[in-house]
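The values are calculated or read from the model by the stated rules, or taken from the named source; none is laboratory data. Small disclaimer: the values here were computed from a predicted structure and weren't measured. In this analysis, Cβ positions are derived from the backbone assuming ideal geometry, glycine residues included, and neighbour counts consider all displayed protein chains. Each accessible area value is taken on the protein alone, full model and side chains, heavy atoms only, with ligands, DNA and RNA left out. Shrake-Rupley method; radii C 1.70, N 1.55, O 1.52, S 1.80 Å.
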Amino acid sequence: MQETRIKGFCMDFAHKNMKDFIKRKEDARSLGVELFQEVVSMSLEEYKAPPPDTTPIPPSSLYDDFAKLYASTKSPDTVDAYIVIQGEKIHFHRAVLGAHTKAFASAFNNAKDDDMSEALGVQSMAPDAFRAVLKFVYYADTDITPLLACDVAPFAKKFEALDLQRISESVIAHNISANNVLPILKVAYLQENMDRAEMASLRAHCLMFLTQHVAGMLITTRQSHSFFFLL
């Protein structure tokens with residue numbers, strides 16, 4: 001096979017362990033005359049350990065590989081599941097999400113076909129919020145905007161993606177602005193979040209922001225109703 005480098009490793013091992021090597025008579029017969037003579041000739045020389053192998057180990061390509069796998073979801077032929085949000089069809093590989101949490105795997109087991117919209121309960125999410133979930137699960141992308149994080153955080157909690165949940169909540173807490181404070185408050189006041197300490201802290205930060213900036217905020221009628229309802 002012309003694998004000279006691998007042959008070198010084997011010859012070095014045979015030279016180093018010559019006494020054990022020559023005991024394996026049956027195996028020695030399979031070497032052929034030329035190779036056997038080469039081994040015998042080598043045994044007459046004093047063994048010297050070869051220099052250490054300095055061949056660099058290539059960096060892991062795992063993240064890049066899964067980023068390419070995510071990019072391939074744009075081709076329906078490569079995937080086995082999808083969801084439909086606001087008329088947009090988003091494909092993915094159920095094995096990737098199913099391996100991420102048991103909650104995802106369980107949801108897929110209960111699905112009747114490749115449409116996972118009902119199984120995942122994504123009707124209230126923004127399409128880009130679900131894409132943010134996929135990017136994190138596939139290749140640990142954490143580029144999530146505060147408004148998308150408002151959708152991602154409760155979804156991640158529901159499906160036990162705890163790292164994504166914490167990252168989303170951190171994005172929200174550290175990026176409160178006049179443009180997103182009310183949507184963030186809406187998430188913080190969801191019934192399932194009322195007893196969570198981090199959500200209590202988030203509510204306090206948002207309300208403090210409102211009291212400090214309410215005079216300069218342009219609040220639409222719809223936003224105003226949401227604001228007074230929360231208070």
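Odds and ends about this structure:
- Residue check, K48 within 30 Å of C10 (Cβ to Cβ) and basic (K, R): yes
- Residues of the range 92-110 satisfying the condition of being surrounded by fewer than 19 Cβ atoms within 10 Å (Cβ to Cβ), free of Cβ contacts under 8 Å to residues at least 24 places away in the same chain and not hydroxyl-bearing (S, T, Y): A95, G98, A99, A105, N109, N110
- Candidates A126, A49, A119, filtered to the one that is surrounded by 16 or more Cβ atoms within 10 Å (Cβ to Cβ), over 21 Å from I167 (Cβ atoms) and of a type in the set (A, V, I, L, M, F, W, C): A119
- So A103, is it closer than 30 Å to F21 by Cα and touching a Lys or Arg at 6+ places or on another chain (Cβ under 9 Å): no
- Taking the criterion of being modelled with pLDDT under 85 and either loosely packed, with under 12 Cβ neighbours inside 10 Å or touching a Pro at 6+ places or on another chain (Cβ under 9 Å) (or both), the residues of the range 7-23 that qualify are K19, D20, K23.
- Filtered by the rule that a residue be part of a loop (DSSP other than H, G, I, E, B) and either open to solvent by 80 Å² or more (accessible area, probe 1.4 Å) or hydroxyl-bearing (S, T, Y) (or both), the range 24-44 gives R24, S30, L44.
- Subset of the range 163-193 [assigned to a loop (DSSP other than H, G, I, E, B) and among the hydrophobic types (A, V, I, L, M, F, W, C)]: I176, A178, L190
- Restricted to the range 146-170, and to residues there that are of a type in the set (D, E) and at pLDDT 95 or above, the residue that is most open to solvent (accessible area, probe 1.4 Å) is E160.
- Checked against the criterion of being assigned to a helix (DSSP H, G or I), under 22 Å from V84 (Cβ atoms) and touching a Ser or Thr at 6+ places or on another chain (Cβ under 7 Å), the candidates A156, A129 yield just one match: A156.
- Among the conditions (1) more than 19 Å from the chain's Cα centre (by Cα); (2) among the hydrophobic types (A, V, I, L, M, F, W, C); (3) closer than 17 Å to D151 by Cβ, I90 misses just one, which is (1).
- When we screen Y70, Y47, Y82, Y63 for residues that are in contact with a strand residue (DSSP E or B) (Cβ under 6 Å, 6 or more places away or on another chain) and either in contact (Cβ under 8 Å) with a residue 24 or more places away in the chain or in a helix (DSSP H, G or I) (or both), the only hit is Y82.
- Residue match in the range 170-188 (condition: touching an Asp or Glu at 6+ places or on another chain (Cβ under 7 Å) and not hydroxyl-bearing (S, T, Y)): no
- Qualifying residue in the range 177-187 (condition: within 29 Å of the chain's Cα centre (by Cα), open to solvent by less than 20 Å² (accessible area, probe 1.4 Å), at pLDDT 85 or above and of a type outside the set (V, I, T)): no
- Qualifying residues in the range 68-90 (those that are open to solvent by less than 30 Å² (accessible area, probe 1.4 Å) and of a type outside the set (S, T, N, Q)) - the one nearest to F108 (Cα to Cα): A81
- Residue in the range 194-204 that is open to solvent by less than 40 Å² (accessible area, probe 1.4 Å) and either of a type in the set (G, A, S) or under 22 Å from L120 (Cα atoms) (or both) present: no
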